[in-house]
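In what follows, a structure is listed as structure tokens, so that the remarks can point back to it.
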Amino acid sequence: MDLERPLDALNNARGKRVLLELKNQKQIRGNLKSFDIHINTVLENAEEYENGELKRKLGLTFIRGDTIILISPSE
Amino acid sequence: MDLERPLDALNNARGKRVLLELKNQKQIRGNLKSFDIHINTVLENAEEYENGELKRKLGLTFIRGDTIILISPSE
Amino acid sequence: MDLERPLDALNNARGKRVLLELKNQKQIRGNLKSFDIHINTVLENAEEYENGELKRKLGLTFIRGDTIILISPSE
Amino acid sequence: MDLERPLDALNNARGKRVLLELKNQKQIRGNLKSFDIHINTVLENAEEYENGELKRKLGLTFIRGDTIILISPSE
Amino acid sequence: MDLERPLDALNNARGKRVLLELKNQKQIRGNLKSFDIHINTVLENAEEYENGELKRKLGLTFIRGDTIILISPSE
Amino acid sequence: MDLERPLDALNNARGKRVLLELKNQKQIRGNLKSFDIHINTVLENAEEYENGELKRKLGLTFIRGDTIILISPSE
Amino acid sequence: MDLERPLDALNNARGKRVLLELKNQKQIRGNLKSFDIHINTVLENAEEYENGELKRKLGLTFIRGDTIILISPSE
């Protein structure tokens, strides 16, 4: 376990629903389809939330890594 | 599917209408013509929106990658 | 067309009048003379606009790439 | 001791409860599972705090390194 | 002309009076003595302006490139 | 002396009490245990101050380099 | 002269009193002891100013390069 790297945790989340917290104070929930070392991320069935409210359905969405604060399994 | 990379999703969107959400709180819709690893992006028939309203027709437009939050197929 | 890169679009705009949208909420219009991979850009006969109003004539101007949001053919 | 490097201190904290102070003025507490040279960090049983109050239980969470101010053993 | 690069324009301005627009909303005018690929710049007889008013005489001044928006021949 | 480099000064401060001024307008005082070329820094017995007032005892703390403005021997 | 580089100007200022303008709207004056290509800088007998007023004597101080706007011989 001690030798795990952060991207391993993202790798285990592929295909699962995740929550992305963005620097613009919005959240995006979606199924994690892919990511790279810059944490550029693609979600399927992405939905944008603001203050807990669904704002937009985005569908398949590419999110630039430098705008992401955290990625967590969606509750 | 597990080995897909984020740029593959952008590659599949070439020629299609996409929505770009920018860090300056504006949106640009246009036909995705090209992109690179910095996510520098060129759109054709680009239109700038603010708060859901069309602000400007920009035509062929180069957008610097570091200003982009997300790219999604336009609804 | 699918293999085009974003800088090709800028290359095609050399010598033409373009609009640069900057991160400081100003616009610069001018004739695109040169650019590099950082999107550092040189314009001839550059003019600075703010809220649609001409503010300053700048002449030959070097603009640092990281301050640029988008580059579009001037309308 | 003089030849220690900052990442050694993070390495010693693996598996222990830590406090992450983020640039968005929130704190995350959790068990440090992994990190890399960008300080991308994975916490288990992560909890988000704001002004000392528990806001959300996040569970396993990936935090992008560039959003982190400091990492400290949780009191 | 088409193969010119942005730094060529700066090179041609060596020894001449230029205007630097900075990200902190100040302007610096001075004689361009040197610059590098980061656009770190040294001016001689530099003067700092704010809202068109001379604020300070700075003399020989090193300006870090990442703080520069644009460089233009001073009018 | 003329050939000294900035990290030499940090090296001489190892084990001594230092003041770190952070970009979030807080200060951290602690014993400098280690640092790297990114100025990632580890302090022992770290204490966080705001407006001259002690806010928190942090103990052993890792501070990400890009959040640091300056490092000075603590008075 | 035309082939001078910006760091040459800093090199000539070693040992002399300089003014550093920082992005946090403070100024630091001190004797330039060393600097590197990131413009990380060490000053001796550093003093912090805000709005022209001396705020703190900092002594020997390391300043991270990315926080610096300009470096000028102190008047």
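Computed values, structure above
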quantity	calculated
Residue, surrounded by the most Cβ atoms within 10 Å (Cβ to Cβ), within region B:41-75, restricted to residues that are without any contact (Cβ under 8 Å) to a residue 24 or more places away in the chain and among the charged types (D, E, K, R)	B:Glu48
Residues of region A:6-40 satisfying the condition of being open to solvent by less than 50 Å² (accessible area, probe 1.4 Å) and more than 21 Å from D:Ile28 (Cβ to Cβ)	A:Arg14, A:Gly15, A:Gly30, A:Asn31, A:Lys33, A:Ser34, A:Asp36, A:Asn40
Residue list for region D:48-75, restricted to those being closer than 16 Å to A:Val18 by Cβ and small (Gly, Ala, Ser)	D:Gly59
Yes/no for A:Asp8 being under 19 Å from B:Gly65 (Cβ atoms) and among the charged types (D, E, K, R)	no
Which listed residue is of a type outside the set (A, V, I, L, M) and under 25 Å from B:Gly15 (Cβ atoms), from C:Asn12, C:Asn31, C:Asn40	C:Asn12
In region E:48-69, the residues that are of a type outside the set (A, V, I, L, M) and facing another protein chain (nearest Cβ under 9 Å)	E:Glu48, E:Arg56, E:Lys57, E:Gly59, E:Thr61, E:Phe62, E:Arg64, E:Gly65, E:Asp66, E:Thr67
Qualifying residue in region B:37-47 (condition: over 19 Å from B:Lys16 (Cβ atoms), facing another protein chain (nearest Cβ under 9 Å) and touching an Asp or Glu at 6+ places or on another chain (Cβ under 9 Å))	yes
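The values are calculated or read from the model by the stated rules, or taken from the named source; none is laboratory data. Keep in mind the model is a prediction, meaning the values are calculated, not measured. Here the Cβ is made from the backbone with ideal geometry for all residues, glycine too, and neighbour counts use every protein chain on show. In case anyone asks, the SASA skips ligands and DNA or RNA and just uses the protein heavy atoms, side chains included. Shrake-Rupley method; radii C 1.70, N 1.55, O 1.52, S 1.80 Å.
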